[in-house]
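The values are calculated or read from the model by the stated rules, or taken from the named source; none is laboratory data. Note that the structure is predicted; figures quoted are calculated from it, not measured. Glycine also receives a Cβ, built like all others from the backbone with ideal geometry; neighbour counts cover every protein chain displayed.
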Amino acid sequence: MKLTYLLLGAYATLAVALPHPAPVEEEYDDDIEEIEACPAPIPTSHSTTSVATHPATSKTTHASTTVVSTVVPSATVPAKHSSGGNPFTSNGVKAGLSGYPAIGRTAPAAMSAYSEYIGWYSDYTPITPDIGNVQGIPMLWGDGDTCTSSTDVTERVAEFEKAIQTSTPKMMFGFYEPDCNCPMSSDMSDPVVGAQKWNSMLAPLASRGTVLGSPSMCRQSAESWLTPFKNAGLHADWEVTSIHVNVANLAGVQKDVEYYAAKYGKPIWVSEFACVHAGNGFFNPCTDQGEIDNFINTVVPWLEANKTVVAYGASNGAGLGSTWPLISGGKLTHTGNTYLNALKNLK
């Protein structure tokens, strides 16, 4: 399927950004499985030692597939890597980091180590400051009407509403996994209501020059939320499709990317990826370091070379066990260094 992307000529004209488990053996195969993949944190604190207790209720795919060949126009800003770059970030680098709240303040050494090799990072908040040349990508996590047992949700909405009164973000991610339940996801079960919230909260930013990223789905390629959301009369469409990828092999990554590229015809922003064995009734983060290293070293070059993918970032969200997290105590872990070295090898 041939996809045509219409990218604006130069994003330099956009307004200034906001100030910004053990692997499953034998029973795991390449059949299509359903999972609920939502490891990102609502809490403002970050733990790297928790064991995932996130039950699986939805579906993702692990079947083999061909590499997507759709071509996205070259970046308007030269990229450090050779595969075309990211036209949506200030330095044009595709690689990034899906962090956690206050990562820039609590893990400066880790962020410094990555800074030469990434173009963006996110922290699940509506005010994500740039860190040097690394662009912060803010997010409106939820709508403020659901998951309200966590004060974080209502506080983030209040921060968002205050911030946009005086500044305009270059880019903003939409709602975080509205197709799955609190507290790990934003739980906006009705996509029509989600569209109404999008129109009142996020669509106005598009007229001011903000590049909007789609709501990200926890059900990955088995999602059924985004199409009725899109068809519910959006006042402004998203420009990049933000996706989460929680699988344990390259075939699963390819499947998710291919699905969203074909389904929605937009550039793909892999705003989270992690090594996870998942299926009906289980969500088991990889715990074998060799498996994780192989996953990263296989997936990163593919994402970098794929022209449909304009950005990708390894996840530091909650629920990913004790071996996967890239940062612990403010410093890079073994996995964190594996990701860093994979990025260095792209040059």
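Looking at the range 154-203, which of its residues are among the basic types (K, R), at pLDDT below 90 and under 17 Å from S216 (Cα atoms)? If the condition is that a residue be among the basic types (K, R), at pLDDT below 90 and under 17 Å from S216 (Cα atoms), then no residue fits. Pairing each residue of the range 249-270 that is surrounded by fewer than 22 Cβ atoms within 10 Å (Cβ to Cβ) with any residue that is part of a loop (DSSP other than H, G, I, E, B) and among the aromatic types (F, W, Y), provided the two are 6+ apart or on different chains, yields C-beta distances under 9 Å for Y264/W238; G265/Y5. P138 - would you say it is surrounded by 24 or more Cβ atoms within 10 Å (Cβ to Cβ), of a type outside the set (A, V, I, L, M, F, W, C) and at negative phi? Taking the combined requirement at face value, the residue satisfies it. Filtering the range 158-174 for residues that are touching an Asp or Glu at 6+ places or on another chain (Cβ under 8 Å) and either closer than 30 Å to P301 by Cα or assigned to a helix (DSSP H, G or I) (or both) leaves an empty set.
Inclusion of V240 among residues that are in contact with a helix residue (DSSP H, G or I) (Cβ under 9 Å, 6 or more places away or on another chain) and among the β-branched types (V, I, T) is not warranted.
Of the residues examined, A232 is not one that is closer than 27 Å to M171 by Cα, in contact with a Ser or Thr (Cβ under 7 Å, 6 or more places away or on another chain) and not in a helix (DSSP H, G or I). Filtering the range 198-209 to residues that are assigned to a helix (DSSP H, G or I) and in contact with a Leu (Cβ under 9 Å, 6 or more places away or on another chain) leaves W198, N199, M201, A203, L205, A206.
Let me confirm something: among S90, S122, S115, S74, which residue is surrounded by fewer than 22 Cβ atoms within 10 Å (Cβ to Cβ), at pLDDT 90 or above, touching a Gly at 6+ places or on another chain (Cβ under 8 Å) and small (G, A, S)? When all the criteria are applied, what remains is S115. The lone criterion from (1) touching a Cys at 6+ places or on another chain (Cβ under 6 Å); (2) farther than 24 Å from T106 by Cβ left unmet by I292 is number (2). In the range 275-295, the residue that is nearest to the chain's Cα centre (by Cα) out of those that are β-branched (V, I, T) and either surrounded by fewer than 23 Cβ atoms within 10 Å (Cβ to Cβ) or in a strand (DSSP E or B) (or both) is V276. For the residues G174, G209, G233, G132, the requirement of being small (G, A, S), closer than 30 Å to A113 by Cβ and surrounded by fewer than 22 Cβ atoms within 10 Å (Cβ to Cβ) singles out G132. Listed residues V276, V299; which is under 23 Å from G85 (Cβ atoms), at pLDDT 95 or above and β-branched (V, I, T)? From the options V276, V299, the qualifying one is V299. Please work out if T335 is farther than 21 Å from Y124 by Cα and either more than 16 Å from the chain's Cα centre (by Cα) or aromatic (F, W, Y) (or both). Yes; evaluated as a whole, the condition is true for this residue. Considering the range 324-347, the residues that are of a type in the set (A, V, I, L, M) and in a helix (DSSP H, G or I) include one that is surrounded by the most Cβ atoms within 10 Å (Cβ to Cβ), namely L343.
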